[in-house]
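Here is the structure we will look at, set down as structure tokens.
The values are calculated or read from the model by the stated rules, or taken from the named source; none is laboratory data. Bear in mind the structure is a predicted one, so any value in this text is a computation, not a measurement. Please note: Cβ atoms are built from the backbone with ideal geometry, for glycine as well, and neighbour counts cover all protein chains shown.
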Amino acid sequence: MFRGILAVLILVQSMSLFAAETRDKEGVGLTIYMSEKQDQNYGYDRQIKEGYAVVKDWRFIDFVQGVNNVTFTDVAKYINADTVHFTSLTDPEGTFVVEQNYEYDLISTDKILEKYIDQPITIIRENKDGVATEETATLLSNTGGRFVVNRGDVKEPIELFSNYSRMRLGKLPGGLITRPTLFWTVNASKPGKHLCKVSYETNGVKWDAAYIAVMKKDDKALDLSSWVTIENNSGATYKDAEIKVVAGDVHAVIAREGNQGQYGGQQGRMKTREKSFSPQQFFEYYLYTLGRTSTVKDNSKKQIELFTPVANIPAEKILLFGDKTPLIEYNGPYTENNRGFERFAKKNVDIYVKFNNSAKAGLGIPLPKGTARVYKEDPADGSLEFIGEDSMEHSARDEDVMLRLGSSFDVVGQRTQKNFSCKYDEHWMTESFEITLRNHKDMNVQVIVRETMFRWLNWEITEKTADFVKVDSRTIHFVVPVAQNGERMITYTVKYTW
């Protein structure tokens, strides 16, 4: 999958090789994608980092006419060298890379000592009184901090030791560099200073959306704010970066730079502050562009407001006994005829909050997936208290958002299998359930009882004590009112045939 992304990226870059880009200053651009974990091993021995981004780096480079050897440093540690693309904006047709080398043999203790195998080193030892002595020996081996040296003229010349205090070596051996570096052979037809654009892909940069919702006193509305959280572990700092984030599950195509689509349809009352993120439809995804530059430091997290907080969004609190999604999915060729096979035996009645991402509700923009944390004001002191969180999937305009916050303390349920019969030779099976809901609140409540017909594809409800709604081919909902400090029982029988 990811290799396909890389191939398309390279193709897009090659297609835009001679595209006219209007720019006259240096800078860096960072387009960050929501991604799955990657398992490719790019370059030297290193841990693969989650997340990926496309880096665009504009720099002035001096060229002589003809062949030039160019050293390009300060690239990301987790760069994928296969995706590097170079172009001169000053002379795109006459300046091109003939050869590229990516060198990543970075300085480390082990790598330096590897270069000194069979070479003299100075070992500095300290006794218990802190007095230091020096001895020159030939390094024979270094494995995980355990050393073998030849001390030369002593009676027993070979010594094994570990946990040395200090060593002194000669000059830095050739072939080691302090940071990942690109080396190019560039042919330039026009001498002088060129503004060049270098783009590449790197692992180790990711972004997520974080939402903060505050429920109103009556649980019928909420206030919503959102932040973009950028985490950078790519091994590079992007100073004053022009930041874009892509919302959507990008599998086989990188969102293309340039020719940006316009935001379609009615945007609603959602607003963004000046120089904040602005959304626009982009291929089958959404692109959020920050209206100012911002520095993204290595090994850091940065949070930027996604949109201006929206107040009083109509919302609904839902009590649900069952499961948001079925625990059992039929995938086999046989019926499930085990009498004691239960989908769930819990007593918890779960709490959900639902709202609609519409212009009428004050939203109406694409909401990227992320974690939504919900709070409510304590009337005793006015402080906000945490009441639950859930993962929120991508939400298009006019779609419902449903968040599970936890389980009700005072409303409980019980599900009991009352009867089970199976005549396998006659191709039928029946099952009866009794569902009891108890409300210990001093107020009336309404509970949705979700039941999934998980044993076989063909089913019908033959008996019931309450009406239900058929949600899909396998699921029904009973909407059950329960009086304050009261109890309500419903029963039903389902018959399966095959």
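Annotations
- Taking the stretch 84-129 as the range and being in contact with a Cys (Cβ under 9 Å, 6 or more places away or on another chain) and within 15 Å of Phe72 (Cβ to Cβ) as the test, the residues that pass are Phe86, Thr87, Ser88, Thr95.
- Scan of the stretch 73-93 for residues that are surrounded by fewer than 18 Cβ atoms within 10 Å (Cβ to Cβ) and not in a loop (DSSP other than H, G, I, E, B), ordered by number: Ala81, Asp82
- Test: residue in the stretch 430-440 that is among the basic types (Lys, Arg) and either under 40 Å from the mean Cα position of the chain (by Cα) or closer than 15 Å to Phe321 by Cβ (or both): yes
- Elements of type strands (runs of 3 or more DSSP E) contained in the stretch 174-279, each with 1 or more residues being over 30 Å from Ser108 (Cβ atoms), within 25 Å of the chain's Cα centre (by Cα) and at pLDDT below 95: 205-215, 221-232, 238-247
- Scanning the stretch 95-152 for residues that are surrounded by 14 or more Cβ atoms within 10 Å (Cβ to Cβ) and of a type in the set (Gly, Ala, Ser) gives a single hit, Ala137.
- Elements of type strands (runs of 3 or more DSSP E) in the stretch 95-148, at least 3 residues being hydroxyl-bearing (Ser, Thr, Tyr) and in contact with a strand residue (DSSP E or B) (Cβ under 8 Å, 6 or more places away or on another chain): 132-143
- Positions within the stretch 207-232 being out of contact with any Ser or Thr (no Cβ under 7 Å at 6 or more places or on another chain) and under 18 Å from Leu30 (Cβ atoms), in sequence order: Trp227, Val228, Thr229, Ile230, Glu231
- Each residue in the stretch 400-413 was checked for being surrounded by fewer than 15 Cβ atoms within 10 Å (Cβ to Cβ) and not aromatic (Phe, Trp, Tyr), and 3 of them qualify.
- Candidate set from the stretch 436-469 (those that are farther than 18 Å from Ile318 by Cα and either in contact with a Gly (Cβ under 9 Å, 6 or more places away or on another chain) or in contact (Cβ under 8 Å) with a residue 60 or more places away in the chain (or both)); member that is surrounded by the fewest Cβ atoms within 10 Å (Cβ to Cβ): Leu457
- Annotation note: Cβ proximity below 8 Å between a residue of the stretch 402-417 that is outside the structural domain of Arg339 (by TED's automatic domain parsing) and a residue that is surrounded by 14 or more Cβ atoms within 10 Å (Cβ to Cβ) (sequence gap 6+ or interchain) occurs for no pair.
- Test: residue in the stretch 373-394 that is surrounded by 20 or more Cβ atoms within 10 Å (Cβ to Cβ), within 15 Å of Ala315 (Cα to Cα) and at pLDDT 95 or above: yes
- Residue check, Ser407 among the hydroxyl-bearing types (Ser, Thr, Tyr) and closer than 30 Å to Val353 by Cα: yes
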